[in-house]
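Below: one structure, written as structure tokens.
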Amino acid sequence: MPRISAATVADHRANQHAALLEAAREILAAEGVHALTPAAVGARIGLARSSVYRYFASTADILAQLVEDAFPRWSARLRAAIAPGGPDDSLPGRIRTYGRAALDFVGSPDYALIPALQAIGLPGECRVRVDEMHGALIAPLADALREAGADHPALRAELAWGVLRAGARRLMPDGAAHNPAAPDVAAHNPAAPDVAAHDTAAHAPAAHDPEPAATADDIIEITLDVLTRTLR
């Protein structure tokens, strides 16, 4: 019988469950969904596989429980971010605060649960539940837009998340791979030979120059600017 390390059996199970969830997050972040199995999670904290199955029936069950653990916390954080009464109580100010919290979420390991669940396939009822919880993340923004009198607030909020996801992708270490600027502009510019022949290359439009790399602060600020302008 496993050693009881808490005051009661219920406390012990709760502590064990929390440790297993944390181990699952670490495996998912470091090795990907295909390395995430009940046996691997148990091995990470030194728990026998037979004991792990008391908590998780499968990889899909692990992921579903991670979502149930993480998404309500993020939903509460996002709702608090956009609630009235903050330092900037204007709607654009509240949207910026919400957007900053949403960028934190989209860039976190918790958001990676969504593609992980899609990768392994889920029963229909599980997909419905995941969709409900994802909707709860968008709902605070939709509610604020509705209160402000915006038309189609739910649609606006859903589309606004596309801006946040794009910003979060650019904040990732490989975000530079998405930079459309290319040094070999002339190869794609039919006017380039004529420009060279007339020695006017120095006067080429600035738009043809490679775009300087944006810092993380630039990306965050531009994302929030686009978000608030989109929803004004």
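Quick check on segment 115-132: of everything there that is of a type outside the set (Gly, Ala, Ser) and surrounded by 17 or more Cβ atoms within 10 Å (Cβ to Cβ), which residue is farthest from Trp161 (Cα to Cα)?
At the first step, the residues of segment 115-132 found to be of a type outside the set (Gly, Ala, Ser) are 115, 117-118, 120, 122-123, 125-132.
Subset that is surrounded by 17 or more Cβ atoms within 10 Å (Cβ to Cβ): 117, 130.
On the way: Leu117: 19, Val130: 16 Å.
Filtering segment 115-132 for residues that are of a type outside the set (Gly, Ala, Ser) and surrounded by 17 or more Cβ atoms within 10 Å (Cβ to Cβ), the one farthest from Trp161 (Cα to Cα) comes out as Leu117.
May I ask you to list the residues in segment 43-60 that are in a helix (DSSP H, G or I) and without any contact (Cβ under 8 Å) to a residue 12 or more places away in the chain?
Hits for segment 43-60 are Ala43, Arg49, Ser50.
Pick out the one residue from Leu113, Leu141 that is in a helix (DSSP H, G or I) and either touching a Pro at 6+ places or on another chain (Cβ under 6 Å) or modelled with pLDDT of 90 or more (or both). Please lay out each step first, then the result.
Details: Leu113 fails: either touching a Pro at 6+ places or on another chain (Cβ under 6 Å) or modelled with pLDDT of 90 or more (or both).
Criteria check complete, one pass: Leu141.
Being of a type in the set (Asp, Glu), within 28 Å of Pro140 (Cβ to Cβ) and surrounded by fewer than 20 Cβ atoms within 10 Å (Cβ to Cβ) is the requirement here; does Asp11 meet it?
Numbers: of a type in the set (Asp, Glu): yes; within 28 Å of Pro140 (Cβ to Cβ): no; surrounded by fewer than 20 Cβ atoms within 10 Å (Cβ to Cβ): yes.
Spelling it out, it is not the case that Asp11 is of a type in the set (Asp, Glu), within 28 Å of Pro140 (Cβ to Cβ) and surrounded by fewer than 20 Cβ atoms within 10 Å (Cβ to Cβ).
Looking only at segment 59-108, count every residue that is under 20 Å from Gly167 (Cβ atoms) and either aliphatic (A, V, I, L, M) or in contact with an Asp or Glu (Cβ under 6 Å, 6 or more places away or on another chain) (or both) and tell me the total.
So the count comes out to 9.
If you go through segment 65-85 one residue at a time, do you hit one that is in the same structural domain as Ala157 (by TED's automatic domain parsing), surrounded by 14 or more Cβ atoms within 10 Å (Cβ to Cβ) and of a type in the set (Ser, Thr, Tyr)?
Checking segment 65-85: at least one residue is in the same structural domain as Ala157 (by TED's automatic domain parsing), surrounded by 14 or more Cβ atoms within 10 Å (Cβ to Cβ) and of a type in the set (Ser, Thr, Tyr).
Please find, among Ala119, Ala102, the residue that is in a helix (DSSP H, G or I), hydrophobic (A, V, I, L, M, F, W, C) and at pLDDT 90 or above.
Ala102
The values are calculated or read from the model by the stated rules, or taken from the named source; none is laboratory data. Being a predicted model, the structure only gives us computed values, none of them experimental. Every residue, glycine as well, gets a Cβ built from its backbone with ideal geometry; the counts of neighbours run over all protein chains shown.
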